[in-house]
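Structure record follows, encoded as C-alpha coordinates.
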Amino acid sequence: MKIYTTYAPIYDSIGQAQFAQRLVAQILSAWPTPPQRVLDLACGTGGAALAFAERGIEVVGLDRSAAMLRIARARARDRDLAVRWVHADMRRMRDRPATHDLLRPASFDLVTCLYDSLNYLRAAEDLGLVCASVADLLRPGGQFVFDLNTEYEFATWDDTDQVVYDSSDLLVYNRLNYNRYTRVAQGRIVWFVREIDRWWRGEEVHTERFWHDADVQAAVQAAGMQVVARYTPAWQPAPPDAARVVYVCASGPQPAQGIVGHSVGQQGQAVGD
Ligand SMILES: C[S@@+](CC[C@H](N)C(=O)[O-])C[C@H]1O[C@@H](n2cnc3c(N)ncnc32)[C@H](O)[C@@H]1O
(Lines give C-alpha, C1' and ligand atoms only; values in the text may rest on other atoms or scores of the structure.)
Protein backbone atom coordinates (compact mmCIF):
# COMPACT_ATOMS: atom_id res chain seq x y z
CA MET A 1 0.00 0.00 0.00
CA LYS A 2 1.28 3.46 -0.94
CA ILE A 3 2.34 5.82 1.84
CA TYR A 4 2.38 9.61 2.07
CA THR A 5 -0.89 9.77 0.15
CA THR A 6 -3.85 10.61 2.45
CA TYR A 7 -1.33 11.33 5.24
CA ALA A 8 0.29 14.18 3.25
CA PRO A 9 -2.00 17.02 4.43
CA ILE A 10 -1.91 15.67 8.00
CA TYR A 11 1.92 15.54 7.93
CA ASP A 12 2.02 19.15 6.89
CA SER A 13 -0.62 20.49 9.22
CA ILE A 14 0.93 18.94 12.36
CA GLY A 15 4.22 20.71 11.63
CA GLN A 16 6.36 17.73 10.59
CA ALA A 17 8.29 19.83 8.06
CA GLN A 18 9.77 21.95 10.86
CA PHE A 19 12.56 19.48 11.68
CA ALA A 20 14.09 19.91 8.20
CA GLN A 21 13.64 23.69 8.31
CA ARG A 22 15.65 23.85 11.55
CA LEU A 23 18.33 21.56 10.12
CA VAL A 24 18.72 23.81 7.07
CA ALA A 25 19.55 26.71 9.40
CA GLN A 26 22.22 24.53 11.09
CA ILE A 27 23.66 23.36 7.78
CA LEU A 28 23.87 26.86 6.32
CA SER A 29 25.42 28.34 9.44
CA ALA A 30 28.15 25.66 9.15
CA TRP A 31 28.86 26.47 5.45
CA PRO A 32 31.50 29.16 4.93
CA THR A 33 29.70 30.54 1.85
CA PRO A 34 26.14 29.58 0.91
CA PRO A 35 25.85 26.79 -1.67
CA GLN A 36 24.55 27.99 -5.04
CA ARG A 37 22.59 24.93 -6.11
CA VAL A 38 20.94 22.40 -3.79
CA LEU A 39 19.03 19.16 -4.39
CA ASP A 40 16.70 18.09 -1.56
CA LEU A 41 15.92 14.38 -1.89
CA ALA A 42 12.67 13.07 -0.36
CA CYS A 43 11.68 16.72 -0.02
CA GLY A 44 8.15 15.94 1.19
CA THR A 45 6.02 19.06 1.56
CA GLY A 46 9.06 21.25 0.91
CA GLY A 47 10.21 22.27 4.41
CA ALA A 48 13.93 22.22 3.57
CA ALA A 49 13.61 23.15 -0.12
CA LEU A 50 11.64 26.31 0.69
CA ALA A 51 14.04 27.23 3.50
CA PHE A 52 16.96 27.07 1.03
CA ALA A 53 15.01 28.98 -1.63
CA GLU A 54 14.10 31.74 0.84
CA ARG A 55 17.84 32.39 1.20
CA GLY A 56 18.22 32.90 -2.57
CA ILE A 57 19.63 29.43 -3.30
CA GLU A 58 18.61 27.59 -6.49
CA VAL A 59 16.78 24.44 -5.36
CA VAL A 60 15.44 21.24 -6.85
CA GLY A 61 13.14 19.15 -4.61
CA LEU A 62 12.55 15.46 -5.43
CA ASP A 63 10.03 13.07 -3.90
CA ARG A 64 8.15 9.94 -4.96
CA SER A 65 4.87 11.05 -3.35
CA ALA A 66 2.67 13.10 -5.68
CA ALA A 67 0.52 14.18 -2.72
CA MET A 68 3.51 15.55 -0.77
CA LEU A 69 4.80 17.34 -3.89
CA ARG A 70 1.38 18.93 -4.51
CA ILE A 71 1.58 20.57 -1.09
CA ALA A 72 5.21 21.60 -1.64
CA ARG A 73 4.30 23.22 -4.98
CA ALA A 74 1.40 25.13 -3.42
CA ARG A 75 3.56 26.38 -0.55
CA ALA A 76 6.22 27.60 -3.02
CA ARG A 77 3.57 29.33 -5.13
CA ASP A 78 2.08 31.03 -2.06
CA ARG A 79 5.49 32.39 -1.10
CA ASP A 80 6.49 33.22 -4.67
CA LEU A 81 9.56 30.94 -4.54
CA ALA A 82 10.87 29.39 -7.75
CA VAL A 83 11.71 25.83 -6.67
CA ARG A 84 11.82 23.08 -9.33
CA TRP A 85 10.11 19.83 -8.32
CA VAL A 86 10.83 16.31 -9.57
CA HIS A 87 8.44 13.42 -9.02
CA ALA A 88 10.75 10.40 -8.80
CA ASP A 89 12.06 7.58 -6.66
CA MET A 90 15.46 8.59 -5.29
CA ARG A 91 16.85 5.13 -6.07
CA ARG A 92 16.23 5.75 -9.77
CA MET A 93 16.25 9.51 -9.92
CA ARG A 94 17.64 9.87 -13.42
CA ASP A 95 15.34 7.30 -15.05
CA ARG A 96 13.14 9.89 -16.75
CA PRO A 97 14.90 11.78 -19.59
CA ALA A 98 12.54 14.75 -19.01
CA THR A 99 14.33 15.50 -15.73
CA HIS A 100 17.89 15.11 -17.05
CA ASP A 101 18.34 18.82 -17.51
CA LEU A 102 17.45 19.53 -13.86
CA LEU A 103 19.53 16.62 -12.56
CA ARG A 104 22.73 17.21 -14.50
CA PRO A 105 25.85 15.38 -13.26
CA ALA A 106 28.25 17.55 -11.21
CA SER A 107 25.72 20.39 -10.93
CA PHE A 108 24.92 20.56 -7.18
CA ASP A 109 27.01 21.99 -4.32
CA LEU A 110 24.87 20.29 -1.72
CA VAL A 111 22.45 17.35 -1.70
CA THR A 112 20.27 16.85 1.39
CA CYS A 113 17.92 14.05 2.46
CA LEU A 114 16.33 14.94 5.79
CA TYR A 115 14.05 13.65 8.56
CA ASP A 116 14.99 9.98 8.42
CA SER A 117 13.94 9.65 4.78
CA LEU A 118 16.84 7.26 4.05
CA ASN A 119 15.51 4.93 6.76
CA TYR A 120 12.63 4.29 4.33
CA LEU A 121 15.08 2.45 2.04
CA ARG A 122 14.80 -1.25 2.76
CA ALA A 123 16.90 -3.38 0.41
CA ALA A 124 20.61 -3.83 1.10
CA GLU A 125 21.58 -2.25 -2.22
CA ASP A 126 19.26 0.80 -1.94
CA LEU A 127 21.58 3.00 0.12
CA GLY A 128 24.39 2.31 -2.36
CA LEU A 129 22.16 3.23 -5.32
CA VAL A 130 21.24 6.58 -3.74
CA CYS A 131 24.83 7.37 -2.72
CA ALA A 132 26.13 6.57 -6.21
CA SER A 133 23.57 8.90 -7.84
CA VAL A 134 24.34 11.65 -5.32
CA ALA A 135 28.10 11.34 -5.95
CA ASP A 136 27.37 11.72 -9.66
CA LEU A 137 25.25 14.84 -9.13
CA LEU A 138 27.64 16.65 -6.76
CA ARG A 139 30.22 19.11 -7.97
CA PRO A 140 33.79 18.20 -6.92
CA GLY A 141 34.05 19.01 -3.22
CA GLY A 142 30.26 19.16 -2.82
CA GLN A 143 28.55 17.61 0.17
CA PHE A 144 25.74 15.17 0.95
CA VAL A 145 23.97 15.75 4.28
CA PHE A 146 21.35 13.34 5.61
CA ASP A 147 20.05 12.17 8.97
CA LEU A 148 19.11 8.68 10.09
CA ASN A 149 17.24 7.24 13.03
CA THR A 150 19.62 4.88 14.79
CA GLU A 151 18.86 1.68 16.65
CA TYR A 152 18.90 3.70 19.91
CA GLU A 153 15.82 5.51 18.62
CA PHE A 154 14.12 2.37 17.28
CA ALA A 155 14.73 0.54 20.57
CA THR A 156 12.33 3.02 22.22
CA TRP A 157 9.53 2.01 19.79
CA ASP A 158 7.60 -0.10 22.25
CA ASP A 159 4.35 -0.91 20.44
CA THR A 160 2.13 1.38 22.51
CA ASP A 161 -0.29 4.02 21.25
CA GLN A 162 1.17 7.52 21.58
CA VAL A 163 -0.90 10.60 20.87
CA VAL A 164 1.34 12.97 18.91
CA TYR A 165 -1.16 15.68 18.06
CA ASP A 166 -4.43 16.61 19.70
CA SER A 167 -6.51 19.64 18.72
CA SER A 168 -10.24 20.36 18.54
CA ASP A 169 -10.49 19.06 14.96
CA LEU A 170 -7.50 16.73 14.50
CA LEU A 171 -6.16 13.83 16.58
CA VAL A 172 -3.08 11.87 15.48
CA TYR A 173 -1.60 8.87 17.23
CA ASN A 174 1.28 6.54 16.40
CA ARG A 175 1.92 2.95 17.33
CA LEU A 176 5.59 2.18 16.70
CA ASN A 177 7.50 -1.07 17.03
CA TYR A 178 10.95 -2.44 16.19
CA ASN A 179 12.26 -5.91 15.48
CA ARG A 180 15.98 -5.95 16.19
CA TYR A 181 16.47 -9.29 14.42
CA THR A 182 15.15 -8.03 11.09
CA ARG A 183 16.24 -4.41 11.83
CA VAL A 184 12.82 -3.30 10.62
CA ALA A 185 10.74 -0.66 12.40
CA GLN A 186 7.05 -0.12 11.75
CA GLY A 187 4.89 2.85 12.53
CA ARG A 188 1.11 2.74 12.31
CA ILE A 189 -0.08 6.34 12.02
CA VAL A 190 -3.77 6.87 12.70
CA TRP A 191 -5.64 10.16 12.52
CA PHE A 192 -9.14 11.50 12.99
CA VAL A 193 -10.22 14.72 11.29
CA ARG A 194 -13.37 16.48 12.47
CA GLU A 195 -15.70 17.79 9.77
CA ILE A 196 -18.52 19.72 11.47
CA ASP A 197 -20.19 16.90 13.46
CA ARG A 198 -18.35 13.87 12.03
CA TRP A 199 -14.87 12.42 12.57
CA TRP A 200 -13.08 10.89 9.54
CA ARG A 201 -10.46 8.23 10.24
CA GLY A 202 -7.28 7.71 8.20
CA GLU A 203 -4.36 5.35 8.58
CA GLU A 204 -0.99 4.55 7.00
CA VAL A 205 1.69 2.03 7.99
CA HIS A 206 5.26 3.23 7.48
CA THR A 207 8.25 0.90 7.51
CA GLU A 208 11.80 2.00 8.26
CA ARG A 209 15.08 0.11 8.43
CA PHE A 210 17.99 0.53 10.80
CA TRP A 211 21.16 1.24 8.84
CA HIS A 212 24.21 0.43 10.94
CA ASP A 213 27.00 3.01 10.82
CA ALA A 214 29.16 0.42 9.01
CA ASP A 215 26.48 0.10 6.26
CA VAL A 216 26.42 3.85 5.86
CA GLN A 217 30.19 4.25 5.74
CA ALA A 218 30.46 1.41 3.19
CA ALA A 219 27.78 2.86 0.88
CA VAL A 220 29.26 6.36 1.07
CA GLN A 221 32.79 5.13 0.41
CA ALA A 222 31.77 2.83 -2.44
CA ALA A 223 30.29 5.90 -4.13
CA GLY A 224 33.65 7.70 -3.85
CA MET A 225 32.60 9.98 -0.97
CA GLN A 226 33.66 10.04 2.66
CA VAL A 227 31.89 10.74 5.94
CA VAL A 228 33.52 13.88 7.37
CA ALA A 229 31.22 14.51 10.34
CA ARG A 230 28.46 12.93 12.41
CA TYR A 231 26.31 15.37 14.33
CA THR A 232 23.24 15.35 16.50
CA PRO A 233 20.37 17.50 15.15
CA ALA A 234 21.53 20.17 17.66
CA TRP A 235 24.86 20.09 15.77
CA GLN A 236 27.04 18.52 18.46
CA PRO A 237 29.37 15.62 17.52
CA ALA A 238 27.12 12.57 17.76
CA PRO A 239 27.83 10.25 20.71
CA PRO A 240 27.90 6.49 19.95
CA ASP A 241 24.40 6.11 21.43
CA ALA A 242 22.78 9.03 19.55
CA ALA A 243 19.12 8.43 18.67
CA ARG A 244 19.50 10.34 15.40
CA VAL A 245 22.69 11.09 13.48
CA VAL A 246 23.21 13.78 10.86
CA TYR A 247 25.88 12.55 8.44
CA VAL A 248 27.99 15.04 6.48
CA CYS A 249 29.69 13.43 3.47
CA ALA A 250 32.16 15.04 1.07
CA SER A 251 32.51 14.07 -2.55
CA GLY A 252 35.91 13.28 -3.99
CA PRO A 253 39.40 13.83 -2.66
CA GLN A 254 39.19 17.65 -3.10
CA PRO A 255 38.95 19.72 0.05
CA ALA A 256 35.27 20.17 0.81
CA GLN A 257 33.82 23.58 0.06
CA GLY A 258 31.20 23.18 2.76
CA ILE A 259 31.02 21.97 6.34
CA VAL A 260 34.38 21.32 7.96
CA GLY A 261 34.36 17.87 9.51
CA HIS A 262 35.73 16.34 12.68
CA SER A 263 37.38 13.00 13.25
CA VAL A 264 34.90 10.22 12.52
CA GLY A 265 35.60 6.62 13.48
CA GLN A 266 33.23 3.81 12.72
CA GLN A 267 30.55 3.66 15.38
CA GLY A 268 30.36 0.52 17.46
CA GLN A 269 27.74 -2.04 18.11
CA ALA A 270 24.07 -2.41 17.38
CA VAL A 271 21.92 -2.07 20.51
CA GLY A 272 21.25 -5.79 20.79
CA ASP A 273 24.82 -7.02 20.03
C1 LIG B 1 9.59 11.70 6.89
S2 LIG B 1 9.18 12.35 5.31
C3 LIG B 1 10.42 13.64 5.18
C4 LIG B 1 10.03 14.72 4.20
C5 LIG B 1 10.93 15.94 4.21
N6 LIG B 1 12.31 15.59 3.95
C7 LIG B 1 10.82 16.65 5.54
O8 LIG B 1 11.83 16.72 6.25
O9 LIG B 1 9.71 17.12 5.86
C10 LIG B 1 9.81 11.08 4.24
C11 LIG B 1 9.68 11.44 2.76
O12 LIG B 1 10.47 10.52 2.02
C13 LIG B 1 9.82 10.27 0.80
N14 LIG B 1 10.39 9.03 0.26
C15 LIG B 1 10.47 7.83 0.88
N16 LIG B 1 11.09 6.94 0.07
C17 LIG B 1 11.40 7.61 -1.07
C18 LIG B 1 12.06 7.22 -2.27
N19 LIG B 1 12.49 5.97 -2.47
N20 LIG B 1 12.24 8.16 -3.23
C21 LIG B 1 11.79 9.43 -3.06
N22 LIG B 1 11.15 9.84 -1.94
C23 LIG B 1 10.96 8.94 -0.95
C24 LIG B 1 8.36 10.19 1.19
O25 LIG B 1 7.49 10.31 0.08
C26 LIG B 1 8.27 11.35 2.19
O27 LIG B 1 7.94 12.55 1.54
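Taken over the stretch 66-82, residues that are away from the ligand (no atom under 13 Å from the Cβ) and in contact (Cβ under 8 Å) with a residue 12 or more places away in the chain amount to 5.
Looking at ILE27, is it β-branched (Val, Ile, Thr), more than 13 Å from the ligand (Cβ to nearest atom) and assigned by TED's automatic domain parsing to the domain that holds VAL111? No. Contact map, the stretch 123-141: residues that are on the phi > 0 side of the Ramachandran plot paired with residues that are part of a helix (DSSP H, G or I), Cβ distance under 7 Å, separation 6+ or inter-chain. No pairs are found. Restricting attention to the stretch 102-134, the residues that are farther than 13 Å from ARG91 by Cα and of a type in the set (A, V, I, L, M) total 6. Test ALA219 against the stated conditions and say whether it is outside any strand (DSSP E or B), touching a helix residue (DSSP H, G or I) at 6+ places or on another chain (Cβ under 6 Å), open to solvent by less than 30 Å² (accessible area, probe 1.4 Å) and not polar (S, T, N, Q). When the stated conditions are applied, ALA219 passes them. Meeting the requirement of 2 or more residues that are at pLDDT 95 or above and open to solvent by 10 Å² or more (accessible area, probe 1.4 Å), the strands (runs of 3 or more DSSP E) wholly within the stretch 6-125 are 58-63, 84-87.
Look at ASP161 and say whether it is more than 27 Å from LYS2 (Cβ to Cβ) and either open to solvent by 70 Å² or more (accessible area, probe 1.4 Å) or not in a loop (DSSP other than H, G, I, E, B) (or both). Answer is no for this residue. With respect to (1) away from the ligand (no atom under 13 Å from the Cβ); (2) surrounded by fewer than 21 Cβ atoms within 10 Å (Cβ to Cβ); (3) under 24 Å from GLU208 (Cα atoms), the lone exception for GLU151 is condition (2). Residues that are over 29 Å from ALA123 (Cα atoms) and among the aromatic types (Phe, Trp, Tyr): does the stretch 24-31 have at least one? So far as the stretch 24-31 goes, yes, one or more of its residues are over 29 Å from ALA123 (Cα atoms) and among the aromatic types (Phe, Trp, Tyr).
Considering only residues that are on the phi > 0 side of the Ramachandran plot and more than 13 Å from the ligand (Cβ to nearest atom), which ones fall in the stretch 83-122? ALA106 - this is the single residue of the stretch 83-122 that is on the phi > 0 side of the Ramachandran plot and more than 13 Å from the ligand (Cβ to nearest atom).
The values are calculated or read from the model by the stated rules, or taken from the named source; none is laboratory data. Computed from a prediction, not measured in an experiment: that's the story for all the values here. Quick reminder, even Gly has a Cβ in these numbers, built from the backbone with ideal geometry, and neighbours come from all protein chains shown. Calculation scope for accessible area: heavy atoms of the full protein, side chains included, ligands and nucleic acids excluded. Shrake-Rupley method; radii C 1.70, N 1.55, O 1.52, S 1.80 Å.
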